[in-house]
Amino acid sequence: MRDEEFAAYVAERRPQLFRAAWLLCGDPHQAEDVVQAALTRLYVAWPRVRRADSVDAYVRRAVVNAHLDEGRRPWRREASAGEGLPEVAVAASAVEEHDALWTALRALPPGQRRVVVLRHWWGLSVEETAADLDVSTGTVKSQTSAALAALRVALADDLTKETS
């Protein structure tokens, strides 16, 4: 019963977890490692987690923590070149717009990128984001504000270059 429930949950959520991890770290291979580490932790804790009020909150926190752990490893300190957006995101509009957004998102500092992904990709509230990242709500607000301002500038610069 445990394995079937876990497998069903993973089958349903894995694509979303992978896309979020990819947005957090900017590298598809590292994103796979992050998701695998998070799912390993989830499997071990599954009997307790499945009875929790929000399995998704636990998993989001596991993905963020796995991303932080991966970043602490010496061989992960090299900058990732990234390989573009996940395919699912490309369907919304022109590829050029997504490339510009992806480049701008990758240029954000890791803390700001985490906040943007949790707030705007997963649609979490300020309080949920603060709990998942183990920071204050004020930090979430200031990181979000700084990140959105940086994205506006980067995307406006990109638009100016295209029209010139």
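Using a probe radius of 1.4 angstrom, the carbon and sulfur fraction of the accessible surface of segment 1-71 is 54%. Identify the residues of segment 8-27 with backbone N under 20 Å of a label point that sits 7 angstrom from the Cα of residue 106 along the Cα-to-Cβ direction, or state none. 18-27, by backbone N distance to the label point. At a probe radius of 1.4 angstrom, the accessible area of segment 8-62 per residue rounds to 47 square angstrom.
With each label modelled as a point 7 angstrom along the Cα→C-beta vector, the residue 152-residue 45 pair spans 3.7 nm. Full extension of the segment from residue 120 to residue 134, taken as 0.36 nm per residue of separation minus the current Cα-Cα distance, would add 3.3 nm.
The values are calculated or read from the model by the stated rules, or taken from the named source; none is laboratory data. These numbers were taken from a predicted model, which means no experiment stands behind them. As a convention, Cβ positions derive from the backbone with ideal geometry for all residues, glycine included, and neighbour counts pool all protein chains shown. Ligands, DNA and RNA are excluded from the accessible area calculation, which covers all protein heavy atoms including side chains. Shrake-Rupley method; radii C 1.70, N 1.55, O 1.52, S 1.80 Å.
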